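We did not get these values from a lab; they are worked out from the coordinates using the rules stated. Values in this document were obtained by computation on a predicted structure and should not be read as measured data. Positions of Cβ are generated from backbone atoms using ideal geometry, with glycine treated the same way; all protein chains shown enter the neighbour counts.
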Amino acid sequence: QAGPWRDPVFRWALLASALIQGGHAAYYGFATLHWRAAGIPDATIGLLIALGIVAEVALFVWGRRLVERLGPVRLTVLAAGGSIVRWTATAFVTDIGGLAAIQMLHALTFACQHLATMQILRGMDPRRAGTAQALMAALGFSAPTGLLIWLSGAVYGAAGGLTFLVMAAVGGSALLLVPALGRSLTARNARPGRSDDTSSR
């Protein structure tokens, strides 16, 4: 049985996840430092981080019907586009109200991409699914995030909050993969027995 690497859908989804999820690296590593430097109290920083988590969970809990209707391609577009908006704004905005609004975009940049990935994995051959999920967790999330946190440290030391512009470029570059992802999903769904699969949207 061929592994998930043989599936072009998996390869494009893995790359998109690595870019979009990896684009959170500066946020995970340096958002607290950046906001402290702007004079924001630690308690408020904690609330801002919690707000992002609330937005993510809200989409998971109440957005299922919308997510299924959108499909993985559109979810990836939302996640990559949201990355451009979120990280560009994070580079420059330091007022509490603005940051609160920006943090709501975690529902796009994290949750939408995670759900897109889950839809794609769900459509794979069940015999490949376990390996595919492990590879996605390792190479589509953990490894790129760890590498980009390390690289962000060097950039943050020199450029401060402008590091988030690099993250905007990293996450936003996943938009370049969307046409190939869409074509590969369409080809997969055109196989016999897959005509009712809606995951190419």
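Couple of notes before you dig in:
- Three-way shape label, the range 28-128, alpha-carbon gyration tensor, a/c 1.5: prolate
- Rounded D (µm²/s) - the range 4-188, Kirkwood Rh over Cα pairs, Stokes-Einstein at 25 °C, 0.890 mPa s: 147 µm²/s
- With an a/c value of 1.5 or above and a/b not larger than b/c for the gyration tensor axes a ≥ b ≥ c computed over the alpha-carbon atoms, the range 15-83 is described as oblate.
- Put simply, the range 69-126 fits an ellipsoid with semi-axes of 28, 9, 8 Å; these come from the alpha carbon gyration tensor as the roots of five times its eigenvalues, largest first.
- Mean-square fluctuations from a GNM of the chain, with a 10 angstrom spring cutoff on Cα atoms, peak among 105, 181, 70 at 70.
- Net lengthening on full extension, residue 137/residue 38 (0.36 nm per residue, minus Cα-Cα): 32.3 nm
- Taking 0.36 nm per residue of sequence separation and removing the Cα-Cα distance, the residue 93/residue 60 pair yields an extension gain of 9.2 nm.
- With a Förster radius of 45 Å applied to the C-beta separation of residue 191 and residue 85, the computed FRET efficiency comes to 0.80.
- Hydrodynamic radius (Kirkwood) for the range 107-201, which is based on Cα pairs only, to one decimal in Å: 15.5 Å
- Of the residues 121, 142, 187, the one whose Cα sits farthest toward the positive end of the charge dipole of the chain, with +1 on the Cβ of Lys and Arg and -1 on the Cβ of Asp and Glu, is 187.
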